[in-house]
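Notes to accompany the following structure.
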Amino acid sequence: MKLHVLIVEDEAALVELLRYNFEQEGFRVSSAADGEEALVMVSEDLPDLIVLDWMLPLMSGLDVCRQLRRRAETRNIPIIMLTARGEEGDRIRGLNSGADDYMTKPFSPRELIARVRAVLRRARPALAEEKLAYGDIIMDLAAHRVTRGGRHVHLGPTEFRLLRYLLEHPGRVFSREQLLDAVWGSDVYVEPRTVDVHIRRLRRALNADTQTDPIRTVRSAGYALDDALA
């Protein structure tokens, strides 16, 4: 499953350069040309990481960062800030606004991607492992096997991808549309209620009628892997 990077930058040539490099490294990339557009895009399709320019039309990168950090659903998204400002005071302002890392222009796309991978590993250590674990649920990515409390859990391919995505983002609430984009792909048309069908199948497989349901339904919002299980 490809990791999603949102690039917020008003220099079209730089956006295309970064898009090419990220896609070559296996990332899914979207972009926004100003801060207001970025906030809308984040609410519609949560990225795994944001590359955010400081100097943007309509709203500065600092203000975008602060708004994202105030929202429960976006406060933990890693943010790398890009800027032409290289003074120590500017770097401190950027980090104090909530950015996880800071790069001064001009920079090497290869270094940026290395920084992105480092920040993602810090934010989500499971990305560096071949196993994902949450509570008593363990997913062995190499063996394509899931166990819960030592019991083998048989999952179909879609339920496996769905559980993997939830395990990679524990506690985060995803709408049906966000799960469709992440698990089925944005270029495939699937009815939103299809998500409900596969969530029911996943619950049935995980719970075996006797165990606590690890998937929380959030009314009018979507689903999350429940924090109570950790």
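Taken together, the values in this text are just the output of simple stated rules run on the coordinates, not laboratory data. For clarity, every value in this text was computed on a predicted model and none was experimentally measured. For neighbour counting, all protein chains shown are included, and Cβ atoms are generated from backbone atoms with ideal geometry for every residue, glycine included.
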| Taking K and R as +1 and D and E as -1, what net charge do the other residues with C-beta under 11 Å from the C-beta of Gln178 add up to? | -3
| query | If contacts are Cα pairs under 8 angstrom and at least 6 residues apart, what is the relative contact order of the chain in percent? | reply | 13
| message | Test of understanding: what is the full-extension gain from Arg193 to Arg117, defined as 0.36 nm times their sequence separation minus their Cα-Cα distance? | response | 24.0 nm
| query | Classify region 4-123: rounded, prolate or oblate, from the alpha-carbon gyration tensor (a ≥ b ≥ c, eigenvalue square roots; a/c under 1.5 rounded; otherwise prolate if a/b is larger than b/c)? | reply | rounded
| field | Cα-centred dipole magnitude for the chain, charges only on beta-carbon of K, R (+1) and D, E (-1), debye, nearest 20 | value | 960
| said: Could you list Leu6, Leu17 so that the one with the fewest beta carbons within 10 Å of its beta carbon is first and the one with the most is last? | reply: Leu17, Leu6
| field | Amide proton proximity set for Leu3, modelled H, under 5 Å, gap of 5+ | value | Arg28
